[in-house]
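Below you'll find the structure, written out as structure tokens, and then a few comments.
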């Protein structure tokens, strides 16, 4: 019995580490991206969401018919008002299932930063940035709050000056917020909503 329990625990742990999930707000919708390295054993995915991170309800079923893909993207067109918790249930061909980690998408559309980001000033923070075209890049940045805006200056030639969305960070309080990056050697990139003055 103990050996069987150990095998089940190992199976769940191994599969969970194969699954990665991320979520970010984009124009009042949430984009969910996930990958799985052992896709041939998955029958379908069930995307679930929650207001409090405890009680989840399914809102989308994704069939896994094409086994050549390991990356997926879906959109939640009706996320909760301020923040939404997400997780994915992976259902194997034999009917067994397990869950991804639980992640949070925050709606940070208001201009005012929360109190825990006021006077923010940290060096070499690892972040994942997303530009207006959906391109993602990793960077280590010196980030500070200035006049209610997250700013950074960099000489990284992969990053243009402009506004980016932080979709991943080693410091969780940064997730989902925009950052204005200045690179003296690069042309500025802007969000369409900024150029059209859309709030």
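Considering only the stretch 111-120, I want to know if a residue exists there that is at pLDDT 90 or above and in a strand (DSSP E or B). Within the stretch 111-120, none of the residues are at pLDDT 90 or above and in a strand (DSSP E or B).
Of all residues in the stretch 52-79, those satisfying the criterion of being under 18 Å from the mean Cα position of the chain (by Cα) and modelled with pLDDT under 90 are 52, 53, 70, 71, 72, 73. Within the stretch 80-89, the set of residues being modelled with pLDDT of 90 or more and surrounded by fewer than 17 Cβ atoms within 10 Å (Cβ to Cβ) comprises 89 only. Among the residues of the stretch 121-148, write down those that are surrounded by 17 or more Cβ atoms within 10 Å (Cβ to Cβ), at pLDDT below 85 and either in the same structural domain as residue 78 (by TED's automatic domain parsing) or in a strand (DSSP E or B) (or both). Within the stretch 121-148, 130 is the sole residue that qualifies.
The values are calculated or read from the model by the stated rules, or taken from the named source; none is laboratory data. The shown structure was predicted, so the numbers you read here are calculated from the model rather than taken from an experiment. Here Cβ is always computed from backbone atoms with ideal geometry, including for glycine, and neighbour counts include all displayed protein chains.
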